[in-house]
Amino acid sequence: MTDDDTAPPPPTKLTATKTDWASSRRGIAAAAPERQRLPPGQHLTSSGLPILDLGTQPNLVPADWALSCGGLVDAPLRWSWADLLKQPQITLTADIHCVTSWSSYDNTFTGVPFRHFLRQIHPRAGATHAMLRSFDGYSTNLPLSDLDRDDVLICHQWNGKPLPRENGGPVRLLVPHLYFWKSAKWLRHITVMDRDQPGYWEARGYHMRGDPWRQERYGD
Ligand SMILES: Nc1nc2c(c(=O)[nH]1)N[C@H]1C(S)=C(S)[C@@H](COP(=O)(O)O)O[C@H]1N2
Ligand SMILES: [Mo]
């Protein structure tokens, strides 16, 4: 088995419902006239981070976890848990916005800035996008420009504690400026590409980029 051939599991009730929402474009609201803290069409949840997944939650102890990277890079790498902890770490607080319409304020995350990771792998000329793949068969695509930001983390702590298994522990991505489906849990492999390609939700009617302020919920 190679690092990028994990097929997603069959549909569940939740994934089938969310696929239907994309077809009916559920939850598109009128754009707010000026920027507020809550993006248009969102409501504040009081329950921390509601758990969303494909119906399976990989059970990985840190010793089983590793992140590999390939594709259009000059320096493919593989980080074990110990390697990850040796990298520079930052802690930040962010608001989270899920396309199913909940938002959650003031979540604190600790991890390695993605910018640092990008500097290690040396993307080649012409590299524009990345595909993130997870231990549950999930995938999601992002432009490199959305990853090359100070607030994007390869993250292993939430609110000062080890990231719980159900939230993607031991290690997930955090991309707080886009809808939360871009923040791949149980992160496993990153492929750098010279074009955009849809991941799991993007192939099921969701937007290729997912900016909550522009309500980029669904594809065309
Ligand atoms: N590996 C993986 N990552 C994933 C998902 C998933 O099903 N598998 N779901 C995404 C979606 S739709 C959301 S809203 C968030 C949910 O993260 P949480 O369960 O920590 O709230 O994870 C995202 N990352
Ligand atoms: Mo989501």
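Structural remarks
- Residues whose amide H comes within less than 5 Å of that of Gln157, counting only those at least five positions distant or on another chain, are Thr110, Leu163 (H built at 1.01 Å from N in the peptide plane).
- Net lengthening on full extension, Ser101/Arg214 (0.36 nm per residue, minus Cα-Cα): 39.3 nm
- Nonlocal Lys pairs with alpha-carbon distance under 26 Å, the chain (8 or more apart, or different chains): 9
- Whole-percent carbon and sulfur share, accessible surface of the stretch 71-206, 1.4 Å: 49 percent
- Across the chain, the fraction of Cα-Cα pairs farther apart than 21 Å, rounded to a whole number, is 53%.
- Here the stretch 1-114 is treated with +1 on each Lys and Arg Cβ and -1 on each Asp and Glu Cβ, and its dipole about the Cα centre works out to around 440 debye.
- 5 angstrom amide H check on Tyr218, placed H, neighbours 5+ away: His207
- The share of C-alpha pairs in the stretch 100-213 whose separation exceeds 19 Å stands at 43 percent.
- Its Cα gyration tensor gives the stretch 8-64 an equivalent ellipsoid; the semi-axes, largest first and in whole Å, are 30, 19, 9.
- Magnitude of the charge dipole, the stretch 73-183, Cβ model with Lys/Arg +1 and Asp/Glu -1, debye to 20: 300 debye
- Extension gain from Ala82 to Thr19, taking 0.36 nm per residue of separation minus the Cα-Cα distance: 18.9 nm
- Heavy-atom accessible area per residue - the chain, 1.4 Å, Å²: 46 Å²
- For the chain, with +1 on Lys and Arg beta carbons and -1 on Asp and Glu, the positive-most of Ala82, Gly199, Ile28 along the dipole: Ile28
- Gyration tensor analysis over the Cα atoms of the stretch 1-129 returns equivalent ellipsoid semi-axes of 31, 21, 18 Å (largest first, whole Å).
- As a ratio to 2.2 N^0.38 Å, the alpha-carbon radius of gyration for the stretch 148-220 is 1.18.
- For the stretch 147-220, the dipole from Cβ point charges (+1 on Lys and Arg, -1 on Asp and Glu) about the Cα centre works out to 360 debye, to the nearest 20.
- Of Phe117, Thr91, Pro39, farthest towards positive along the dipole that unit charges on Lys, Arg, Asp, Glu beta carbons give the stretch 1-131: Pro39
The values are calculated or read from the model by the stated rules, or taken from the named source; none is laboratory data. If you're wondering where the values come from, they're calculated on a predicted model, not measured in any experiment. Using ideal geometry, Cβ is built from the backbone for each residue, glycine included, and neighbour counts are taken over all protein chains shown. Heavy atoms of the whole protein, side chains included, go into the accessibility calculation; ligands, DNA and RNA do not. Shrake-Rupley method; radii C 1.70, N 1.55, O 1.52, S 1.80 Å.
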